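Any read-out appearing in this document is the output of simple, stated calculations on the displayed coordinates, not a laboratory observation. Fair warning: this is a prediction, and the values are worked out from it, not measured in the lab. When we count neighbours, we look across all protein chains shown, and the Cβ atoms used for this are built from the backbone with ideal geometry, even at glycine.
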Amino acid sequence: MTCFWDGIFCSLNNEDKTLLGLDVRCKREDIIRVLMEKNCLVDTLWQGKELREQEKKEHFQAVKDYDVRKIYGGHWTSICDSFLLLICQVLKVDISHRYLNTMISYKYSGKARKVLKFKSNRGHFEIMR
């Protein structure tokens, strides 16, 4: 039940892993730990809008409290997901996430290096090819 992290892992190329300070042979858990270390109040736009200060704090806290050991029980991907917001910020990327028939947009506040695309339904998350 690690489809969320499998999708994230598969979307990252060697350049992304290097930007995170990781070896190209890293594991899912390594990526999560580095994201948690780089946790910050994000400036990422969600659905074209800036998050309120309280929302930024809540997303920061959600990443801070994340238990890497529980990834095998699944990841409850939020409609505005804390880790997707953080990935945009840290990797300077935009994310396009199609949940069922709804497009969800995460935009890096500066010039994005690229766009990561994902899709999900009520029980599965994956990279969109």
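Assorted remarks:
- Of all DSSP beta bridges in the chain, antiparallel share, percent nearest 5: 65 percent
- Kirkwood hydrodynamic radius (C-alpha pairs) into Stokes-Einstein, the range 1-101, 37 °C and 0.692 mPa s, D in µm²/s: 233 µm²/s
- Computed extension length for Gln47-Met128: 27.3 nm, one decimal, from 0.36 nm per residue of separation with the Cα-Cα distance subtracted.
- Here the simple spin-label model places points 7 Å from the Cα toward Cβ, and for Arg69 and Cys3 these points are separated by 2.7 nm.
- Translational diffusion coefficient (Stokes-Einstein; Kirkwood radius from C-alpha pairs) of the range 61-129 at 4 °C, 1.567 mPa s, in µm²/s: 101 µm²/s
- Of Lys17/Lys49; Lys27/Lys49; Lys56/Lys119; Lys64/Lys107, pairs whose Cα-Cα distance is over 26 Å: Lys17/Lys49; Lys27/Lys49
- Percent of Cα-Cα distances greater than 11 Å, calculated over the range 58-98: 69 percent
- Take the Cα of Arg28, step 7 Å toward its Cβ, do the same at Glu15, and the gap between the two points is 2.6 nm.
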